[in-house]
Amino acid sequence: MAPGAHLPPVGPGGKGFSKRMFDYHVHTVHSSDCETPMSASCEAAIKAGIREIAFTDHVEFEPSDDAYEYFRYEVFMRDLEEARSRFGDELTILAGAEVGFNVRIMPEIEAFLASHEFDFVIGSVHHSPDGIIIFPEYFEKHHYSRVMQTYFQQLTAAAGTGWFDTIGHLDLPKRYAPPAAGPYDPLSLESELRTLLQAIIDANMSFEINTSGIRQAPKTSMPSAQVVRLYVEMGGTLITIGTDSHVPATIGAGLERTLDMLQLCGIHEVGSFRLRRRTQVPIDSLRGIAPMAG
């Protein structure tokens, strides 16, 4: 069965305007860094008020990564169909992937995406171009601004491919920067950031608001409101939301706060996907708020 086959249509759903929250970045046992079965995540999502979830397990072709060649599409899809059979009346479950991008491994990524079907694909950067993962020790040999410049360049290349539905955790290195690196001001690299955002806009691609930073060291989403405001100023409108959860307890965490931030910044819709096709859904409908009569 195709990933998005027989899923309910995008829309407010149900009778009236019942709450319909999304979480479009969730990991399971099919990621090398996660031990959570899909069933546990589905149960947690329903309890948290999530009605549409994308399982986005790591697909990695960078040999230095622990997730290298870990993902098994057929097994993932088998588990996903089992979850849909069990929880489909309460939860829309999407077949997703978080594909690690690096300019050195572009041929492998292109071949994989051309031969596998998903509902939703995140393009993420976790490594420098030479394959070194961006963890705290990386900052010992690289200045903070240089880390971010290189990271933005990689994301700009990812957006330019047109292969992805959304770009993941737009300023991830701030999660791993040690205190000695000092504070991160996204507008200190405004030129590079504008180049990246323009590439995303030109590709008609989304970027995600990843809420994991709220509960971790940055204490702010990735990216923060500063970046969203700049994006809106540049004419951008396409956003996805996700928790980057690896355990059931964090599914749905920070999403309400994120929707507040988005609306304050001028974003009033978020993306929903079926078989890589986007539909823009009003934020108010995620909260169960009926639109005002015109």
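The values are calculated or read from the model by the stated rules, or taken from the named source; none is laboratory data. In this text, all values refer to a predicted model and were calculated from it rather than measured experimentally. Using ideal geometry, Cβ is built from the backbone for each residue, glycine included, and neighbour counts are taken over all protein chains shown.
Among residues of region 246-261 that are at positive phi, those with a beta-carbon under 6 Å from a residue that is among the β-branched types (Val, Ile, Thr) at least six positions away or on a different chain give the pairs 252/50; 254/211; 254/214. Determine if region 163-176 includes at least one residue that is outside any strand (DSSP E or B) and exposed (fewer than 14 other Cβ atoms within 10 Å of the Cβ). No, there is no match, as no residue in region 163-176 is outside any strand (DSSP E or B) and exposed (fewer than 14 other Cβ atoms within 10 Å of the Cβ).
Considered as a group, the residues in region 226-252 that are among the hydrophobic types (A, V, I, L, M, F, W, C) and surrounded by fewer than 19 Cβ atoms within 10 Å (Cβ to Cβ) include one that is nearest to residue 28 (Cα to Cα), and that residue is 247. Pairing residues of region 65-92 that are more than 15 Å from residue 108 (Cα to Cα) with residues that are in a helix (DSSP H, G or I) and of a type in the set (Val, Ile, Thr), at Cβ distances under 9 Å and at least 6 apart in sequence or on separate chains, gives 87/46; 90/46; 91/46.
Pairs linking a residue in region 181-208 that is among the polar types (S, T, N, Q) to a residue that is part of a loop (DSSP other than H, G, I, E, B), with Cβ atoms under 6 Å and 6 or more positions apart or on different chains, are 206/238. When residue 104 is tested against (1) farther than 22 Å from residue 208 by Cα; (2) modelled with pLDDT of 95 or more, only condition (2) is not met.
So, residue 213, is that one part of a loop (DSSP other than H, G, I, E, B), under 15 Å from the mean Cα position of the chain (by Cα) and under 24 Å from residue 26 (Cβ atoms) or not? Spelling it out, it is not the case that residue 213 is part of a loop (DSSP other than H, G, I, E, B), under 15 Å from the mean Cα position of the chain (by Cα) and under 24 Å from residue 26 (Cβ atoms). Looking at region 82-95 only, could you name the residues that are in contact with a strand residue (DSSP E or B) (Cβ under 9 Å, 6 or more places away or on another chain) and among the acidic types (Asp, Glu)? Result: 90, single match.
Residues in region 122-140 include none that are in a helix (DSSP H, G or I) and closer than 30 Å to residue 277 by Cα.
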